[in-house]
Amino acid sequence: MDRRQMTLNLNDKEMDLLDRLSERRGMSKTALVRQALRLYQSVTERIERGEKVFVEHPGTKDKAELMVL
Amino acid sequence: MKKHLGDRRLRNRLTGEPEAASIFQGLDEKNFHDFEAVWKPELVKRAKEFATWAKQAEGNVQDAHWDWVGKAKNEAVYESFAIECDSMTQGLMLVATAPHFARLKSQHGLDLCYIELIATAPWNRPKFSKAPKYKGAGRALLATAISWSVELELKGRIGLCSLPESESWYDEQGMQRCGFDGDKKMEYFEMTEEDAGKYLNS
């Protein structure tokens, strides 16, 4: 995969979140940001197509719409 | 943009000899042409021999309705891969760009690569053709998906929903059944990090 570098400026809270998530998901910070970007891209695509994005509770099957700003 | 990822060998069942094949990321007009002009007419013709979609499994053509070109051109949603041999597209695969999350208990919630579509050319399929040509296209593409997962730091984890006709093949590849997917209405399979490593080394 061809790669280019950039500098990412995060505040303490965001950096802490990045640290914790990368630890929890077993991947580097770079990989986590790339996955987050892919997820955001997917959600954006769907919203632009007029679709709605939901999260569903596995037990009750209650659905909550994911609000994207 | 189409990019050469590497070379493999497919065994020509008719001659018994291995032949050089190339794996690509990104499909081009040749791949689309191969599908539309060569694959699709054969798939559609064979599929018409069966009364129902369930029966199409007997001819290994339950994928005859798949819209490879329409989906592959949606590059924001899918990464596309092809294997070519003898100047022809011998296998195709689409991997979702959006993260998917593992369902197996041992890796539940961790990111994996989700294979949306994967198929070998109709003439390579034992139940489709009386004299299937190349062996190994599906395996080469599945290994490519694992490598792509490794590239994304997902440690080789992959998942997919299988057509009924292909379930036993995924069993043979070492993928684990995770139950029926109610949305896709197909059996869902996953490969773990450990099994992916074994697969690439086998």
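Just so it is clear, none of the values below were taken in a lab; they were calculated from the coordinates. Nothing here was measured: the structure is a model prediction, and the numbers come from that model. All Cβ positions, glycine included, derive from the backbone under ideal geometry; neighbour counts span all protein chains shown.
Data table
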quantity	calculated
Chain B: radius of gyration over Cα atoms, expressed as a fraction of 2.2 N^0.38 Å	0.98
Choice from A:Lys13, A:Lys29, A:Lys52 with maximal GNM fluctuation in chain A (Cα, 10 Å cutoff)	A:Lys13
Overall form of the range A:12-65 per C-alpha gyration tensor (a/c, 1.5; a/b vs b/c)	oblate
Sum of side-chain charges, B:Pro164 neighbourhood, beta-carbon under 14 Å (Lys, Arg +1; Asp, Glu -1)	-2
Radius 11 Å from Cβ of A:Thr30, net charge of other residues (Lys, Arg +1; Asp, Glu -1)	+2
Cβ-placed point charges (K, R +1; D, E -1), dipole of the protein assembly as shown about Cα centre in debye, nearest 20	420 debye
Within the protein assembly as shown, helix-based [θ] at 222 nm, where runs of 4 or more DSSP H residues each add -39,500 (n - 2.57), nearest 500	-9000 deg cm²/dmol
Pairwise label distance in nanometres, A:Val55 with B:Glu194, each label 7 Å out on the Cα-Cβ vector	3.0 nm
Cβ-derived FRET efficiency at R0 25 Å, B:Trp169 paired with B:Arg13, nearest 0.05	0.95
Evaluated at q = 0.07, 0.14 Å⁻¹: base-10 log I(q)/I(0), Debye formula over Cα of the protein assembly as shown	-0.28, -1.10
Net charge dipole size for the range B:124-202 [Lys, Arg +1 and Asp, Glu -1 on Cβ; Debye, nearest 20]	580 debye
DSSP bridge pairs, the protein assembly as shown: antiparallel proportion in percent, nearest 5	95 percent
Out-of-range pairs (alpha-carbon distance over 31 Å; input B:Lys48/B:Lys185; B:Lys48/B:Lys155; B:Lys73/B:Lys198; A:Lys63/B:Lys55)	B:Lys48/B:Lys155; B:Lys73/B:Lys198; A:Lys63/B:Lys55
FRET efficiency, 1/(1 + (r/R0)^6) with R0 35 Å, evaluated for B:Asp86 and A:Arg4 via beta carbons	0.45
FRET E, pair A:Asp16, A:Tyr40, Förster distance 30 Å, beta-carbon r, rounded to 0.05	0.90
Cut-off 13 Å between beta-carbons: net charge of the residues surrounding A:Glu51, Lys and Arg +1, Asp and Glu -1	0
